[in-house]
């Protein structure tokens, strides 16, 4: 059986450029044409920059150029060729010289891919990108479909399933600003759509020491504890939970459909799609950070919890048990004799 080299898929933020890049010897390797496609420059321009990099002694060709065999389609024929590939140092150097905004994006993506490769011994796209003549292979979408179904079957919280789907994006980078923004807002967007409050606002509105179980509808143990009272989901009614589940199910259904259609989704598309689903279901869209922070809500909830504990303690102190009631009756009978 032929041993395929590990491959990683790079997709530009605008979705215009997709490159399948070889991973080997703790680095990434690109051909001249791939570098040209990456930075949206002509191959002769890239060739000129490469020539200058080596002539000026910025990098040594012996340690930064490797020859690898690739199979390419030329007309109807598959042709195998031995081509020069340039490592990450060279690519970043070219990016600096052509002053392309893609340079920063590619560097961030490459750092993440190499970290994964070094830790796990393979990159996320290793076994699913076997055919260098296609943008995305059938294996990619089969694996993606399996991953989506695993997410659906998992016991993770509703908003975590949404972020898990987001992480299947073809250009996924957890450190990208758009990812940080999505992760920071997804929980609040779902809460806002259901009951018109952010998670923090919901805790503030419903945490009440005078109510049974402090207003909570669910909690982790046999009785409500301090760690339960600052979790927004614990205050949701059964109807609200069902509505939340319907939105997440639609999101998962759409993800599965896209994988079956072999249609890759970018981070930007997944973020936009969440708002689109909420709008489609006549839900309100959160457009701000909310009125209070999670920290403030937690402090308020824990303050209510302290009152709740005191009330519970007093009730237990004043509560007459069946045993106490029996003893009292015996005393009363004794006194009558």
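Points to keep in mind about this one:
- Order of 39, 254 - criterion: other Cβ atoms within 10 Å of each residue's Cβ, fewest first: 254, 39
- Put in line by how crowded their Cβ is, counting other Cβ atoms within 10 Å and starting with the fewest, 107, 206, 81 read 81, 107, 206.
- For the pair region 184-249 and region 17-90, the centres of their Cα atoms are 53 angstrom apart.
- Classification of region 241-281 by its C-alpha gyration tensor yields an oblate form. The axis ratio a/c (a ≥ b ≥ c) is 1.5 or more, and b/c is at least a/b.
- Cα shape, region 146-191, gyration tensor, a/c 1.5 rule: oblate
- Residues residue 225 and residue 268, FRET efficiency given R0 of 45 Å [Cβ-Cβ distance, rounded to 0.05]: 0.65
- 13 Å cut-off, amide nitrogen to a point 7 angstrom out along residue 307 Cα→Cβ, residues in region 197-225: 204-212, 214-215
- Using a Förster distance of 51 Å, the FRET efficiency for residue 67-residue 250 (Cβ separation, nearest 0.05): 0.55
- Proxy reagent accessibility, fewest Cβ within 10 Å first, across 12, 101: 101, 12
Just so you know, all these numbers are worked out from the coordinates, no wet-lab data involved. Treat the numbers as computed from the prediction; the structure is a model and nothing was measured. Reconstructed Cβ throughout: ideal geometry from the backbone, glycine too, with neighbour counts over all protein chains shown.
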